[in-house]
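Q: Encoded as structure tokens, here's the structure I'll be asking about.
Please treat every number below as a calculation from the coordinates, not as lab data. It should be emphasised that the depicted structure is a prediction, and the values quoted were computed from it without experimental measurement. Ideal geometry is used to build each Cβ from the backbone, glycine not excepted, and the neighbour counts take in all protein chains shown.
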Amino acid sequence: MARLVRDMHARQLSHRDLKAGNILAADDGVWLIDLVGMRVHQQLSREERVQNLTRLHASFHTSPLLTRTDKLRFLRTYQNWG
């Protein structure tokens, strides 16, 4: 999921409704659904990127399935750390 969001942002795309309910995890990968919220930007701002990531995090906030470690792994992958 982190690679998908990173690649989406690298292509100057944002999703105004990026949340758990709009993600489909399947055997063949991760898919975004409800693409009505997709937007193409000339230059995707840092604020838009942060807004996308914040909305995604908030949608998983109460989920017992994701630990803080999972969320850190997501950020490390998104940022392409090491």
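Q: Can you pull out the residues in the range 4-27 that are loosely packed, with under 12 Cβ neighbours inside 10 Å and either under 22 Å from Asn80 (Cα atoms) or in contact with a Pro (Cβ under 6 Å, 6 or more places away or on another chain) (or both)? Even if it seems obvious, please write down each step before you answer.
A: From the range 4-27, those loosely packed, with under 12 Cβ neighbours inside 10 Å are 7, 10-11, 21, 24-27; that's our starting set.
Correct list: Asp7, Ala10, Arg11, Ala25.
Q: Just to be sure I understand, how many residues within the range 36-70 are surrounded by 14 or more Cβ atoms within 10 Å (Cβ to Cβ) and out of contact with any Phe, Trp or Tyr (no Cβ under 7 Å at 6 or more places or on another chain)?
A: Keep residues of the range 36-70 that are surrounded by 14 or more Cβ atoms within 10 Å (Cβ to Cβ), which gives 37-38, 44, 48-49, 51-53, 55-57, 59-60, 66.
From what's left, out of contact with any Phe, Trp or Tyr (no Cβ under 7 Å at 6 or more places or on another chain): 37-38, 44, 48-49, 51-53, 55-57, 59-60.
Of the residues in the range 36-70, 13 are surrounded by 14 or more Cβ atoms within 10 Å (Cβ to Cβ) and out of contact with any Phe, Trp or Tyr (no Cβ under 7 Å at 6 or more places or on another chain).
Q: What is the residue count in the range 1-47 for residues that are of a type in the set (A, V, I, L, M), over 21 Å from Lys71 (Cβ atoms) and part of a loop (DSSP other than H, G, I, E, B)?
A: 2
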